[in-house]
Every structure is written in C-alpha cells, then in structure tokens.
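Please read the structure below before turning to the comments.
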Amino acid sequence: MIEYVLLKIDGISKSFPGVKALDHVAFEVGKGEVHAVVGENGAGKSTLMNILSGVYAPDTGILCLDEKEIHFKDPRHAQENGIAMIHQELSLANHLSVMENIFLGRLKRNKLGLVDYKQMYKMCRNELECLGVNDIEPDMLIKDLSVSQMQMVEIAKALSLNARLIIMDEPTSSITKKETEMLFAAIRSLKQRGVSILYISHRMEEIFEIADNITVLRDGTYIKTLKSIDTTPKEIVSLMVGREFNRAFNREVRKVREDEKPVLEVKGLSYGKKVKDVSFKLYPGEILALTGLVGAGRSEVVQTLFGVTRKDKGQIIFNGKEIEARTPTETIGLGMGLVPEGRKTQGLFLKMKVRDNITITNLPQICSMQFIRKTEEIKKAEDYVARLRIKTPGIEQQVQYLSGGNQQKTIIARWLLNSPKVLFLDEPTHGVDVGAKSEIYEIINSLANEGVGIVLISSELPEVLTLADRILVMQNGRIAGELSRENANQEIIMEYATNQMNKGMEQ
C-alpha cells in the first residue's frame with residue numbers, strides 16, 4: 001500500500017500516425033519509491049515517459065501531482081514541478097564543464113550580471129557530495145568523464161532542479177557491473193531522501209534488485225502492477241509477452257574443420273591507442289564473439305575492419321585476398337555489413353521510410369539508368385519485413401516511429417538484402433526487449449547456418465555464452481584470451497577482461 005501518492009496516472013492515451021502508442025494507462029507512484037516500468041519494445045514505455053516529462057501532451061486522461069491535476073506545457077514546465085528525465089542517450093554538452101551542464105539555461109550570476117562560477121562550483125560540489133560522488137570535480141569537462149560519471153552528473157542536475165521524481169531510461173545499458181553498483185547506491189540514497197524513481201530497463205536482475213513495484217505495459221495498455229517481492233522474473237516476462245514464457249535459446253556449437261579456410265583473417269591490426277596488434281580468423285558459418293569491458297577496443301576493431309576508420313598497420317585478408325578496407329563503400333562491395341551499436345545515430349535514417357532504410361545499400365542492384373525500379377524495391381522491402389517479422393503499419397512508415405527491436409531488425413534486413421559473407425554485429429540486442437531479443441537470436445543463428453561469418457560484440461555475457469562458437473576477450477585494445485564456448489563461463493571471461501587471469505599466471 002502506497003503511503004503517499006506522488007504521481008497518479010489516470011486513463012492516459014496517445015496516438016501517432018498509424019500507431020496507438022498508449023491506451024488508457026493508469027497506475028500510481030509513491031513518494032520515495034523505486035517503480036520499474038517494463039514491457040517489450042513498442043509497449044508504450046517511452047511515450048509514457050515523454051508525456052510525464054512534458055515532451056508530449058496526452059490525447060486523453062489526466063496526470064495528478066500531489067493530488068492536483070496538472071497539464072505540462074513543455075519539459076521546462078515539468079522540471080519546474082519536480083519531474084526530471086535522464087534519457088538513455090545522455091544529453092550533456094561535452095565541451096562544457098560539469099557545473100555549466102548542471103546549471104545550463106539558468107547560470108548563477110552575481111550583482112554585476114556576470115556568471116558566478118564560484119557559487120556554481122560550491123552548489124555543484126554539494127549536489128555531488130549528496131550522491132556520494134567524490135571522483136568528479138565541478139570544473140571537469142564532460143568529455144573527460146566515463147559514462148557512469150556522466151549519469152551521476154545528470155542525477156546531480158535533476159537534484160539541482162529540486163526533482164521529486166526522476167525518470168531513468170535504461171540507465172545501465174552502457175556501463176559496467178561496478179558502475180551499476182555505484183548507480184544503485186545513488187538510487188538508494190535518493191530513495192532515503194524521499195525522491196521517487198521511475199526505472200525503465202529490460203534487465204530483470206536489475207529490476208528485482210532495485211525496484212519496489214513493477215508495472216507491466218503491453219501493446220500500449222496497462223497489464224498489472226506487482227510488488228517485486230511478490231513476483232518472479234518469469235511471471236513478469238510472461239505478462240510482458242502475453243504468454244507463458246520459458247523458451248531458452250539453444251545454439252549448437254560449430255566446430256571448425258582442419259581443411260577449412262577462413263572467410264576473414266586479421267593479422268597484427270592496429271589503430272591509434274584503441275586497437276593494438278589484434279589477430280584472429282573467422283570461418284564461414286561461425287559466430288565469433290568479441291567481448292570485454294566498455295572501452296576495451298571491441299567496437300574500434302570492427303569499425304577498422306569495415307572501413308569506418310583507417311588501420312595504422314596490419315593485414316586484412318578477405319576470402320583469401322588482402323584488402324585495405326579504406327571505406328565502408330569498399331567493404332560493402334566486397335560483401336561485409338555492419339550493424340552498429342548506436343542504431344539511431346549510426347545505423348538509421350530516422351526520418352526516412354522503412355522501405356528506404358532496408359534498400360539503401362542495395363540501390364545499385366535495383367536501379368536502371370539511375371532510376372530506382374520501384375516495384376522491385378517495394379517487393380524486396382515487403383519480403384524482408386515479412387521474413388524478419390518487423391512490426392510496422394507498412395513499409396512507408398517513418399522508421400523513427402518503430403520500436404527499438406523493430407528498428408534493429410530493419411538494419412539487419414538491410415544487410416540481409418545485400419547477401420553478406422561477413423556481418424559485424426555491435427551490441428545487436430542493446431535496449432531490446434525479451435521477445436525481440438529471442439527473435440534476433442533466431443535471425444543470427446539462421447544467418448550462421450547459411451554460411452555467413454559473424455563477429456558479435458556484446459557486453460551481455462549470457463548472450464555471448466548463448467550465441468558464440470568462439471570467444472575473444474579484449475582488454476586495453478588487445479586480445480587478452482581466446483576461449484571455446486565449452487570452456488567459457490562468466491567468471492573466466494571477466495578474469496581475462498580485467499587482466500586478473502594474466503596476473504594469476506604471472507604469479
């Protein structure tokens with residue numbers, strides 16, 4: 001029973017062209033409560049949070065704050081009433097200091113009208129100390145901070161706005177386990193101060209560790225709110241997907257034959273300080289995982305192989321021939337594809353249609369005399385929407401309105417259409433719900449069975465141990481260890497990733 005209702009959501013509905021995002025959603029958030037909101041991609045979580053933070057106005061329904069009905073005009077109005085949102089993609093100005101970011105748009109000034117940096121430094125220091133943060137100085141530049149430090153700055157900014165409700169959207173998606181523990185300590189501190197947290201995450205273990213109550217949304221509708229101590233991850237997932245969910249994905253390990261030739265061979269690859277003397281072989285139909293801590297150089301390896309960045313030295317041998325990989329255009333032409341980590345910033349053309357996003361790398365094959373053969377393009381796009389079960393009103397829908405999981409499948413469809421021999425997958429299920437994740441696993445497995453060589457980058461060790469045939473663990477730009485799936489477990493991988501394995505061997 002909630003002692004004091006801070007926020008009441010009553011009958012909220014919201015529609016976009018071709019999509020009913022929310023349909024009469026209603027639940028309550030108590031003061032000093034950590035309240036998780038879960039659901040598959042497309043369940044309406046982001047739309048609801050955007051309404052609560054003043055980005056959207058609901059079509060119908062009301063919000064009550066402190067038992068008073070309120071209508072937010074814009075995000076600033078929501079902030080003035082004590083609601084702050086920390087987005088999955090952090091929105092800090094990289095070249096400004098911590099204190100400038102915290103007071104951005106409301107800089108403190110002295111009697112002469114000049115910016116009062118001394119006062120801002122002191123106030124910023126106080127907010128950071130309240131969170132138990134002692135490794136960030138107010139005059140440090142944002143670009144010099146880690147992702148977890150940036151999140152602490154976002155929380156400090158929310159507190160400086162006197163936030164009573166902080167919305168956190170996938171706050172642990174890009175941070176390590178240790179950094180997650182620091183974040184949870186900050187959340188518990190906020191809870192003791194009476195601040196409420198709305199916590200969005202697909203990671204069940206986190207939700208059950210930090211949340212008091214869990215609200216499930218499905219297809220834009222409210223399903224149920226449960227106390228975390230009275231339910232299980234299995235029950236929550238079943239409510240999310242609308243069926244009993246106990247399916248575990250199993251992939252049979254692929255063994256490399258002695259007479260097989262690699263589709264991709266990398267020898268002594270180096271790029272700046274990020275990639276140092278990396279060598280490996282990838283065979284057709286094999287899933288090779290690159291794992292390690294954030295910043296270990298995993299993404300930089302595949303970006304260099306794909307031609308996004310130019311190697312400083314080393315050899316790249318593709319289908320038995322040495323290549324330079326100067327540009328993505330060159331590598332795409334050879335038969336490579338890359339599903340990048342940042343689907344919205346690096347992978348998708350958000351204001352373009354689903355059709356355009358699927359066919360864009362295949363245009364030379366469907367053009368005659370510089371004109372696109374429209375009928376052929378539409379057929380190809382519709383075929384892959386059906387094949388990958390992409391949920392969309394149609395191929396003419398702007399891709400920005402699709403859920404995260406369906407956006408990810410749209411990028412994968414783009415490369416399938418190009419019939420790749422090697423596919424690089426950088427965090428392919430990042431921010432993707434349980435149901436869509438299982439579907440993406442099936443797609444990856446199917447591609448490998450068809451002979452595509454896959455390099456998988458993932459921070460989720462259960463995912464690595466589910467999909468990979470072999471595992472390369474990176475640490476500080478180098479390959480620290482190679483494991484077969486049969487010989488790998490999370491503890492061994494983390495020992496390599498943190499250099500503890502090598503230290504133990506030295507001793």
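The values are calculated or read from the model by the stated rules, or taken from the named source; none is laboratory data. Please read these numbers as outputs of a predicted model, since none were measured by experiment. Cβ placement follows ideal geometry from the backbone for every residue including glycine, while neighbour counts extend to all protein chains displayed.
Say whether the condition of being part of a helix (DSSP H, G or I), at pLDDT 90 or above and β-branched (Val, Ile, Thr) is met by at least one residue in region 272-291. Looking through region 272-291, none of the residues is part of a helix (DSSP H, G or I), at pLDDT 90 or above and β-branched (Val, Ile, Thr).
For region 139-166: of the residues being assigned to a loop (DSSP other than H, G, I, E, B) and under 23 Å from Arg188 (Cα atoms), which is nearest to the chain's Cα centre (by Cα)? Only one residue tops the list, namely Ser146. With Lys344, Lys351 as the choices, which residue is under 30 Å from Arg218 (Cα atoms) and outside any loop (DSSP other than H, G, I, E, B)? Testing whether each residue is under 30 Å from Arg218 (Cα atoms) and outside any loop (DSSP other than H, G, I, E, B) leaves just Lys344. When you look at Met120, is it within 25 Å of the chain's Cα centre (by Cα), assigned to a helix (DSSP H, G or I), buried (at least 19 other Cβ atoms within 10 Å of the Cβ) and without any contact (Cβ under 8 Å) to a residue 40 or more places away in the chain, yes or no? Taking the combined requirement at face value, the residue does not satisfy it.
For every residue, the table says whether it meets (1) surrounded by fewer than 23 Cβ atoms within 10 Å (Cβ to Cβ); (2) out of contact with any strand residue (DSSP E or B) (no Cβ under 7 Å at 6 or more places or on another chain); (3) part of a loop (DSSP other than H, G, I, E, B); (4) modelled with pLDDT of 90 or more.
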| site | (1), (2), (3), (4) |
| --- | --- |
| Ser419 | yes, yes, yes, no |
| Leu423 | no, no, no, yes |
| Ala436 | no, yes, no, no |
| Glu439 | yes, yes, no, no |
| Glu442 | yes, yes, no, no |
| Ala448 | yes, no, no, yes |
| Val455 | no, no, no, yes |
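Of the residues making up region 308-324, none is part of a strand (DSSP E or B) and within 21 Å of the chain's Cα centre (by Cα).
Here is a yes/no grid of residues against (1) within 27 Å of Glu439 (Cα to Cα); (2) at pLDDT below 90; (3) of a type in the set (Phe, Trp, Tyr); (4) out of contact with any helix residue (DSSP H, G or I) (no Cβ under 9 Å at 6 or more places or on another chain):
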residue: Lys224; (1), (2), (3), (4): yes, no, no, no
residue: Met240; (1), (2), (3), (4): yes, yes, no, no
residue: Phe249; (1), (2), (3), (4): yes, yes, yes, no
residue: Glu258; (1), (2), (3), (4): no, yes, no, yes
residue: Glu265; (1), (2), (3), (4): no, no, no, yes
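Note on region 189-246: among residues that are assigned to a loop (DSSP other than H, G, I, E, B) and among the acidic types (Asp, Glu), the one that is farthest from Leu65 (Cα to Cα) is Glu244. Within region 48-82, the only residue that satisfies the criterion of being modelled with pLDDT under 90 and among the polar types (S, T, N, Q) is Gln79. How many residues does region 482-498 contain that are surrounded by 19 or more Cβ atoms within 10 Å (Cβ to Cβ) and over 20 Å from Lys178 (Cα atoms)? So the count comes out to 3.
Screening Ser91 on (1) modelled with pLDDT of 90 or more; (2) out of contact with any strand residue (DSSP E or B) (no Cβ under 7 Å at 6 or more places or on another chain); (3) among the polar types (S, T, N, Q) shows it passes everything except condition (1).
Residues in region 360-406 that are in a loop (DSSP other than H, G, I, E, B) and of a type in the set (Lys, Arg) were compared, and the one that is nearest to Leu348 (Cα to Cα) is Lys391.
Has region 49-60 got at least one residue that is closer than 20 Å to Leu239 by Cβ, touching a Leu at 6+ places or on another chain (Cβ under 8 Å) and surrounded by 23 or more Cβ atoms within 10 Å (Cβ to Cβ)? No, region 49-60 contains no residue that is closer than 20 Å to Leu239 by Cβ, touching a Leu at 6+ places or on another chain (Cβ under 8 Å) and surrounded by 23 or more Cβ atoms within 10 Å (Cβ to Cβ).
Would you say Val354 is over 26 Å from Ile479 (Cβ atoms), among the aliphatic types (A, V, I, L, M) and modelled with pLDDT of 90 or more? When the stated conditions are applied, Val354 passes them.
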